[in-house]
1. Between THR30 and CYS42, what is the label-to-label distance in nm when each label sits 7 Å out along the Cα-to-Cβ direction?
2. Around GLY27, which amide H atoms from residues at least 5 apart in sequence, or from another chain, sit under 5 Å from its own amide H, with H modelled in the peptide plane?
3. Using a 1.4 angstrom probe, figure out how much accessible area the chain has per residue, in square angstrom, rounded to the nearest whole.
4. Give the carbon-plus-sulfur fraction of the accessible surface of the chain in %, rounded to a whole number; probe 1.4 Å, heavy atoms of protein chains only.
5. Express the relative contact order of the chain as a whole percentage, based on alpha carbon pairs under 8 Å and six or more residues apart in sequence.
6. Suppose R0 equals 25 Å. What FRET efficiency, 1/(1 + (r/R0)^6) with r the Cβ-Cβ distance, do ASP3 and ALA67 give to the nearest 0.05?
7. Can you tell me how much longer the chain between GLU13 and LEU92 gets when fully stretched, taken as 0.36 nm per residue apart minus their C-alpha distance, in nm with one decimal?
8. So, by mean Cβ neighbours within 10 angstrom, what's the order for 41-54, 24-37 with the highest one leading?
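The values are calculated or read from the model by the stated rules, or taken from the named source; none is laboratory data. Since the structure is predicted, the reported quantities are computational estimates derived from the model, not experimental observations. Don't worry about glycine lacking a Cβ; one is built from the backbone with ideal geometry, like all the others, and counts go over all protein chains shown. The protein model used for the area step is the full one, side chains on, heavy atoms only, and it has no ligands, DNA or RNA in it. Shrake-Rupley method; radii C 1.70, N 1.55, O 1.52, S 1.80 Å.
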Amino acid sequence: MNDVDWFVFTVDEADVGKTVHVLTQPGEPTTDTVVEVFAGDCTTSLGGPSPDYAYHEDFTSSPVTAAGDVYVKVSHSPDASEAADYELVIALE
């Protein structure tokens, strides 16, 4: 349950000012995730962690401030009773 997954994607100049919308969905219905979005230095938070209201997250970051890499961190909720599979959807909006 200490597993953390990191995903990285590149934002172009045209996408600066957009938000990052992150969804986790089953794999397995009881997977309980928490997500956070980071700027290219991988330490500046663009919002989060997500509030962990339910098993799966529907989280929107603060606007992206610069072109370059953006990181999404997915970890298991501290309240999770098990660690299992999930699917991740990321969109710029």
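1. The two pseudo-label positions are separated by 3.3 nm.
2. Answer set, sorted by chain and number: TYR86, GLU87.
3. 55 Å²
4. That share works out to 50 percent.
5. Normalised by residue count, the contact order of the chain is 46 percent.
6. 0.25
7. This chain segment gains 27.2 nm when fully extended.
8. 24-37, 41-54
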